[in-house]
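A.B. asks: Structure incoming, see below.
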Amino acid sequence: MVLLLNQRVPLAAVLELLLAGVIFFLACAVTLTGIGATIVDSHLAVWAAAGTYAILQLFSVLAFGVHRMERMRSATHFALRITGSLLAGGTAAYLVLGMWADGHAYQSALPVALLMSAAGMLMVRMILMASVQMGWLTHRILILGTGPEAAAVERSIRDHNKSGVVVAGFYPLSNGSAIAVDSGRIIRNQPCLERSIAELGIHEVVVAVQDQRGGFLPVKELLACRLRGVRVTDLPGLYERVTGEVPVASLKASWLIYGEGFPQGLTRRLVKRAFDVVASLALLIVAAPIMLLAAVAILLESRGPVIFRQERVGLGGRTFNVLKFRSMVTDAEKDGVPRWASTGDPRVTRVGRFIRKTRIDELPQIFNVLKGEMSFVGPRPERPYFVDQLSEQVPFYGARHTVKPGVTGWAQVRYSYGGSVEDAVRKLQFDLYYVKNHSVYLDLLILFHTIRVVLMGSGAR
């Protein structure tokens, strides 16, 4: 695992992104120089074009999730995903480079550059996958405990299929817990924990015990391992990293109080605000024609206002009016009782169903962002009626109001639309993860995921 801008990323994924950038740059540079027959005279122009091509392709790789090796174990799946990514990035490069002087020369080199990029990426993926399978790029974990919690940890790691993460075994404790793991993988006949860690080449120890009272934990040995650079992680920390959630059911206030995270510094706020303003203005320029067409379609289908205003709870619990294109009939809540949208909700109009599926109905929130009421990325704002209910039923629900609400968020790209208290709890776990770990890197990752969600039309109701 590599700590990248406060996020732990598999080493194989980091290497693949770095090598991808080199491959994209060289593919374009070599093609532009025609391997002996110069297409562009200036070396500086070649480097600039190759750099632009590489950056656009890297953005496309991130947006398509090509670097997530655990999602594409088969060569066919990877080939399909990288083809879509390269075509999208190549299209963006074609448009951008076409605006340069002698743009046709750059554009003529792109087909060959794309073929070279595809070949290079396939080769890198094959090498990295072989390296992971041979154990060269693995992150080896030893689970401390053999009870139900230990079994749950292994199951969580397996279900989320983190590339290069290997459970090396289970180290037993004398806490009287029933054995719930494969007995053949329990480390036996070892005099001490330190020796087991050294012999197995362990990088991290996970303490899979909920109740750590009783003096059965080998505290001195864990401390010695930690001082030697072996990471020691508790259950909430492991689940947070593996699942991208903060588990509410087993969460204690002390873990939030003493744990790391929750960046709220001046620099972070200034950078986030600058990004919000620049991104909102850019999106407004690009989306203006789409917003105009959506407004006309809404007017033609049904009578009523085009823009729908609804009170929501924002930063610090303060309320504001969120703006959306109207996607329901005008008397959707004629009885005055707020309710969540449901799958196939009859209140949604035909135009509304389309703009909700494509997230076009959220575009007016650009103005909420420009006013400073919202951010581009953050927990989705909820209505006061539901906030009052959920605050009573769900622990730590108010923590999501310590950052500005967002047009898109970690919960939106990791979980489907919520329409119940149970859904709200699950989404809160993702929101808490964002509040605790938000950074420029995580914001960009969420934006890339959002692009994919919009293109696939998933999660809308």
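Where a number appears in this text, it was derived from the coordinates with a stated rule and is not lab data. All values derive from a computational prediction rather than experimental measurement. Using ideal geometry, Cβ is built from the backbone for each residue, glycine included, and neighbour counts are taken over all protein chains shown.
A.B. asks: Strictly over 30 Å apart at the Cα level, which of 371/427; 252/324; 324/427 would you flag in this model?
C.D. replies: Listed pairs above 30 Å: 252/324.
A.B. asks: Over the chain, what is the percentage of antiparallel beta bridges among all DSSP beta bridges, to the nearest 5?
C.D. replies: Details: 12 of 28 bridges.
So the antiparallel bridges in the chain amount to around 45 percent.
A.B. asks: Assign unit charges at the C-beta atoms only (+1 for Lys and Arg, -1 for Asp and Glu), then state the dipole size of segment 266-456 relative to its Cα centre in Debye, rounded to the nearest 20.
C.D. replies: 380 debye
A.B. asks: What are the residues whose amide H is under 5 Å from the amide H of residue 232, where those residues sit 5 or more places off or on another chain and H is modelled from the backbone?
C.D. replies: The answer is 205.
A.B. asks: Within the chain, what's the longest run with no GluC sites (Glu not before Pro) in a DSSP loop and at most 15 other beta-carbon atoms within 10 Å? Give the range, please.
C.D. replies: The longest uninterrupted stretch comes out as 1-259.
A.B. asks: Could you tell me whether segment 139-243 comes out rounded, prolate or oblate from its Cα gyration tensor? Rule is a ≥ b ≥ c as square roots of the eigenvalues, rounded for a/c under 1.5, then prolate if a/b exceeds b/c, otherwise oblate.
C.D. replies: Values: a/c = 1.32, a/b = 1.12, b/c = 1.18.
Since a/c stays below 1.5, the shape of segment 139-243 is classed as rounded.
A.B. asks: Pull out the extension gain between residue 158 and residue 260, defined as 0.36 nm times the separation in residues minus the alpha carbon to alpha carbon distance; nm, one decimal.
C.D. replies: Length difference between fully extended and current span is 34.1 nm.
A.B. asks: Which value, in Å to one decimal place, does the Kirkwood hydrodynamic radius take for segment 305-461 when every pair of different Cα atoms is included?
C.D. replies: Taking the inverse mean of 1/r over all distinct Cα pairs, segment 305-461 comes out at 15.9 Å.
A.B. asks: For a test of the definition: using alpha carbon positions, the gyration tensor, and the 1.5 limit on a/c, classify segment 326-411 as rounded, prolate or oblate.
C.D. replies: The shape class here is oblate.
A.B. asks: Let's see if you can work this out: charge +1 on each Lys and Arg Cβ, -1 on each Asp and Glu Cβ, no other charges. What is the dipole magnitude of the chain about its Cα centre, in debye to the nearest 20?
C.D. replies: Using Cβ point charges on Lys, Arg, Asp and Glu, the chain gives about 380 debye.
A.B. asks: Run the dipole for segment 139-243 about the Cα centre, Lys and Arg Cβ at +1, Asp and Glu Cβ at -1, nothing else charged, and hand back the magnitude in debye, nearest 20. Spell out each step's value before the answer.
C.D. replies: Numbers: 13 positive and 11 negative charges, 46 e Å.
I would put it at about 220 debye.
A.B. asks: Excluding residue 146 itself, calculate the net charge of residues whose Cβ lies under 11 Å from the Cβ of residue 146, where each Lys or Arg counts +1 and each Asp or Glu counts -1.
C.D. replies: The answer is -1.
A.B. asks: Name the residue farthest towards the positive end of the dipole of the chain from the options 169, 322, 132, assuming +1 on Cβ of Lys and Arg, -1 on Cβ of Asp and Glu, about the Cα centre.
C.D. replies: 322
A.B. asks: What number in nm² do you get for segment 232-373 if you take the convex hull of its Cα atoms and divide its surface by four?
C.D. replies: That works out to 12.2 nm², a quarter of the Cα hull's surface.
A.B. asks: Moving on. Which one of 180, 391, 223 is farthest out on the positive end of the charge dipole of the chain, using unit charges on Cβ (Lys, Arg +1; Asp, Glu -1) and the Cα centre as origin?
C.D. replies: About the Cα centre, the residue reaching furthest to the positive side is 391.
A.B. asks: Taking θ = phi - 60°, what integer Hz values does the Karplus form 6.51 cos²θ - 1.76 cosθ + 1.60 yield along segment 107-119, in sequence order, with x for Gly and Pro?
C.D. replies: Once rounded to whole Hz, the list reads 5, 5, 8, 5, x, 5, 4, 5, 5, 5, 5, 4, 4.
A.B. asks: Return the distance in nm (one decimal) between the two label points of a simple spin-label model at residue 269 and residue 303, each offset 7 Å from Cα along Cα→Cβ.
C.D. replies: 4.8 nm
A.B. asks: For segment 203-280, what class follows from the C-alpha gyration tensor (a ≥ b ≥ c being the square roots of its eigenvalues): rounded when a/c is under 1.5, otherwise prolate if a/b is larger than b/c, else oblate? Walk me through the numbers on the way to the answer.
C.D. replies: Working: a/c = 2.85, a/b = 2.14, b/c = 1.33.
Prolate.
A.B. asks: Mind sorting out which of [x] 22.7, 73; [y] 25.4, 78; [z] 32.8, 107 is the real Rg and Dmax of the Cα atoms in Å computed from the coordinates?
C.D. replies: Matching the structure shown: [y].
A.B. asks: Still on this structure, I have one more. Under 5 Å between amide hydrogens, which residues at least 5 positions from residue 167 or on another chain qualify, with H placed 1.01 Å from N in the peptide plane?
C.D. replies: 141
A.B. asks: To the nearest 500 deg cm²/dmol, what mean residue ellipticity at 222 nm is calculated for the chain from DSSP H runs of n ≥ 4 alone, each contributing -39,500 (n - 2.57), summed and divided by the residues?
C.D. replies: Mean residue ellipticity, 222 nm, calculated: -17500 deg cm²/dmol.
A.B. asks: Restricting attention to segment 359-417, which trypsin sites (Lys or Arg not before Pro) occupy a DSSP loop and are surrounded by at most 14 other Cβ atoms within 10 Å?
C.D. replies: 371
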